[in-house]
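Following: one structure in structure tokens, then a few remarks.
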Amino acid sequence: MSIAALEKACPETAIVLGSGLGSVAEAWGIEAEVAYADIPGLSASTVPGHAGRFVLSRVHGKPVLIAQGRRHLYEGLTAHEVTAGIRFMHTFGVKRIILTNAAGAINASFAVGDLMLITDHLNLLGSTPLLGGPHFHDMSEVYSAPWRARFIEAASQLRLPLHQGVYAATLGPQYETPAEIRMMRTLGADAVGMSTVPEAIQARALGMEVAGISMLTNWAAGLKAQTLDHSEVVSTGRASSANLAALLKSVL
Ligand code: HPA
């Protein structure tokens with residue numbers, strides 16, 4: 001697909017799919033696709049479980065632009081670089097974006113394999129895509145309250161457990177220590193991951209409506225007797241992605 005074909009479809013809604021969650025797009029059918037590598041300023045992810053392409057799908061007849069795979073700061077990129085895809089989607093008139101990710105569960109009342117609606121975030125990355133401006137952007141409601149209400153309603157109709165909580169973004173690429181997880185819990189985090197926050201900040205600064213969903217792929221370090229492993233994160237994400245696809249479809 002050429003970039004012109006994307007432009008013609010005029011998608012107003014976009015979704016970014018995180019680790020192991022790429023199959024959500026396949027469930028809806030792929031009308032067209034373009035590789036990140038074919039778009040100036042974008043490049044494919046170096047991480048297994050992240051495909052690296054835009055896919056155009058249709059949900060209830062409406063075009064939805066899906067970013068299958070994302071870039072991370074831990075790949076050695078700046079927060080500005082990892083959010084190039086958000087600015088690219090904005091140029092096509094995307095007005096609202098759902099950011100999904102794989103995350104470790106910190107809140108002991110959650111369960112692995114469940115979804116968490118992001119109510120707010122803690123930016124522990126030490127960076128932001130807005131370095132250099134625009135300055136002093138309001139971040140009082142990054143994750144749209146009206147959109148959150150629709151997710152809660154949709155999950156209850158689907159009888160899907162949907163937790164709500166604060167997502168802490170950490171640089172990675174190593175997983176956390178148990179002491180770091182206890183610190184994050186004390187700070188108010190319910191889940192931890194290595195993405196999403198730069199994209200959410202960039203999208204809000206562009207005036208987009210933002211929603212965030214975490215797939216809780218594992219217990220965060222120290223919560224259970226276990227070691228953490230990316231292949232398990234990806235396989236839990238894959239196993240539970242049908243629930244995510246159903247929830248997204250219902251909200252759209
Ligand atoms: N920590 C950080 N990032 C993650 C985790 C985690 O436990 N699980 C999935 N992404």
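Is it true that residue 186 is under 20 Å from residue 107 (Cα atoms), within 13 Å of the ligand (Cβ to nearest atom) and free of Cβ contacts under 8 Å to residues at least 60 places away in the same chain? It is false that residue 186 is under 20 Å from residue 107 (Cα atoms), within 13 Å of the ligand (Cβ to nearest atom) and free of Cβ contacts under 8 Å to residues at least 60 places away in the same chain.
Quick check on the stretch 101-115: of everything there that is closer than 22 Å to residue 172 by Cα and either free of Cβ contacts under 8 Å to residues at least 60 places away in the same chain or within 12 Å of the ligand (Cβ to nearest atom) (or both), which residue is surrounded by the most Cβ atoms within 10 Å (Cβ to Cβ)? It comes out as 103. The number of residues in the stretch 213-252 being assigned to a helix (DSSP H, G or I), over 23 Å from residue 98 (Cβ atoms) and away from the ligand (no atom under 12 Å from the Cβ) comes to 0. Taken together, the criteria place residue 171 among residues that are within 16 Å of the ligand (Cβ to nearest atom) and either among the aromatic types (Phe, Trp, Tyr) or surrounded by fewer than 16 Cβ atoms within 10 Å (Cβ to Cβ) (or both).
Once the stretch 97-144 is narrowed to residues that are of a type in the set (Val, Ile, Thr) and assigned to a loop (DSSP other than H, G, I, E, B), the residue that is farthest from residue 204 (Cα to Cα) is 112. Whenever a residue of the stretch 5-28 is on the phi > 0 side of the Ramachandran plot, its partners that are part of a loop (DSSP other than H, G, I, E, B), lying with C-beta atoms within less than 8 angstrom and at least six residues away or across chains, give the pairs 10/92; 10/93; 20/49. Contact annotation: residue pairs with Cβ atoms under 8 Å, 6 or more positions apart or on different chains, pairing a residue in the stretch 201-230 that is without any contact (Cβ under 8 Å) to a residue 24 or more places away in the chain with a partner that is near the ligand (Cβ under 10 Å from one of its atoms) and not charged (D, E, K, R), are 226/218; 226/219. Reported count of residues in the stretch 185-209, each being crowded, with 23+ Cβ neighbours inside 10 Å and at negative phi, is 14. Apart from one condition, residue 15 fits all of (1) closer than 26 Å to residue 130 by Cβ; (2) in a helix (DSSP H, G or I); the exception is (2). The sole residue among 197, 210, 192 that is more than 14 Å from the ligand (Cβ to nearest atom) and within 27 Å of residue 89 (Cα to Cα) is 210. Within the stretch 23-52, track down each residue that is touching a Leu at 6+ places or on another chain (Cβ under 7 Å), among the hydrophobic types (A, V, I, L, M, F, W, C) and more than 19 Å from residue 215 (Cα to Cα). 32, 34, listed by residue number.
Read-outs throughout are calculated quantities, based only on the coordinates presented, and are distinct from any laboratory measurement. None of these values were measured; they are calculated from a predicted model. All Cβ positions, even for glycine, are placed from backbone atoms using ideal geometry, and neighbour counts span all protein chains on display.
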